Amino acid sequence: MSDANVTLQRHGAVALVTLASQNTLNPLTSALMTELGAALQALDHDSETRAIVLTGSPRAFAAGADIQAMAGMTYAHAVQDNYLAAEWQAVSALRKPLVAAVRGYALGGGCELAMICDIVVAGENALFGQPEIKLGLVPGAGGTQRLPRAVGKSLAMEMNLSGEPITATQALASGLVSRVVADEDVVDVALSVAQSIARHSLPVLLAVKAATARAFETSLAEGLAYERSAFHGCFALNDQREGCEAFLERRVPHFDHR
Ligand code: CAA
């Protein structure tokens, strides 16, 4: 891919997407988010890709929405353009598993982008925060909604109201990230997590992601009914038969993603 802000590398069934804007803090400009959305949507439709890793630079996963652009923004402009809505929708609509590999700053939109990802692997020096309050802003891409669901009310309130970041260790303890590793290992560990996902059946991966994401959208009864229906649906797949037969025959399954 030749886009300036986003690069793509293939690792078998895993794609590594890197935010690589000229400013290594990766401000999430409209151009960057448009490129990212297009890259992720293309991978979502690519039959060879079963999991995606999203990373930034060693200095920053991303330091948030573009403050330069927001400095001159008016209310009318923000509302008329539905600022941040469309570009971010392309990322949050992704159906395939998305693993964030976070090094350095994940602030504002950077933290919100990490929270859109299904799994977050953090470097030991990563910092997660919602500093929008310091700019006279409410978080605009999930900080008031995904953060409390991830870390609970008290810590989310503290982060959103104070604007102060938390460390990778605090992020691990609060459930915001699944692993903390040495900064230099973050991308490799995230790739290996993604490889462990990508060996499974694609339609089942899509169903597991959708059902798990449902837990944040609905009541327990409705979520359980959705899960039961997804579970029953698996019996229409060759891969379900192959997975169960391979277990009984003590061999590795060969999924054909049907
Ligand atoms: N948008 C645009 N430019 C940014 C930026 C951002 N989010 N973050 C940093 N930059 C720019 C700086 O203006 C600076 O530009 P110049 O070199 O042209 O002056 C350059 O990147 C380097 O930044 P610093 O000199 O500040 O670097 P530092 O190492 O001293 O500090 C930092 C790093 C702590 C990340 C600091 O840059 C910072 O606090 N950035 C802003 C973080 C922030 O407030 N994010 C929230 C944005 S609002 C948002 O995201 C809304 C939403 O919900 C979607």
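The values are calculated or read from the model by the stated rules, or taken from the named source; none is laboratory data. It should be emphasised that the depicted structure is a prediction, and the values quoted were computed from it without experimental measurement. Every residue, glycine as well, gets a Cβ built from its backbone with ideal geometry; the counts of neighbours run over all protein chains shown.
How about the range 24-39: which of its residues are more than 13 Å from ALA69 (Cβ to Cβ) and near the ligand (Cβ under 9 Å from one of its atoms)?
Listed by number, the residues that qualify are THR24, LEU25, ASN26.
How many residues does the range 66-99 hold that are surrounded by 13 or more Cβ atoms within 10 Å (Cβ to Cβ) and either more than 14 Å from the ligand (Cβ to nearest atom) or not assigned by TED's automatic domain parsing to the domain that holds LEU137 (or both)?
Of the residues in the range 66-99, 7 are surrounded by 13 or more Cβ atoms within 10 Å (Cβ to Cβ) and either more than 14 Å from the ligand (Cβ to nearest atom) or not assigned by TED's automatic domain parsing to the domain that holds LEU137 (or both).
When you check ALA63 against the structure, is it within 11 Å of the ligand (Cβ to nearest atom), within 25 Å of ILE166 (Cβ to Cβ) and either more than 11 Å from the chain's Cα centre (by Cα) or among the small types (Gly, Ala, Ser) (or both), yes or no?
yes
Regarding GLU132, is this residue closer than 18 Å to ILE67 by Cα and acidic (Asp, Glu)?
Working: closer than 18 Å to ILE67 by Cα: yes; acidic (Asp, Glu): yes.
Here the answer is yes, as GLU132 does meet what is asked.
Inspect the range 210-223 for any residue being touching a Pro at 6+ places or on another chain (Cβ under 8 Å), modelled with pLDDT of 95 or more and either surrounded by 11 or more Cβ atoms within 10 Å (Cβ to Cβ) or under 17 Å from ALA15 (Cα atoms) (or both) and give the result as yes or no.
The answer is no; no qualifying residue exists.
Considering only the range 202-258, how many residues are at negative phi, touching a Ser or Thr at 6+ places or on another chain (Cβ under 9 Å) and touching a residue at least 60 places away in the same chain (Cβ under 8 Å)?
Of the residues in that region, 1 qualify.
Within the range 112-165, how many residues turn out to be β-branched (Val, Ile, Thr) and either under 25 Å from ARG50 (Cβ atoms) or not assigned by TED's automatic domain parsing to the domain that holds VAL193 (or both)? Full working, then the answer.
Within the range 112-165, the first condition is being β-branched (Val, Ile, Thr), and the residues that meet it are 116, 119-121, 133, 138, 144, 151.
If we keep only those that are either under 25 Å from ARG50 (Cβ atoms) or not assigned by TED's automatic domain parsing to the domain that holds VAL193 (or both) as well, we get 116, 119-121.
Adding up the residues that qualify gives 4.
Name the residue, out of ASP188, ASP183, that is within 29 Å of ARG103 (Cα to Cα), of a type in the set (D, E, K, R) and surrounded by fewer than 16 Cβ atoms within 10 Å (Cβ to Cβ).
The unique qualifying residue is ASP188.
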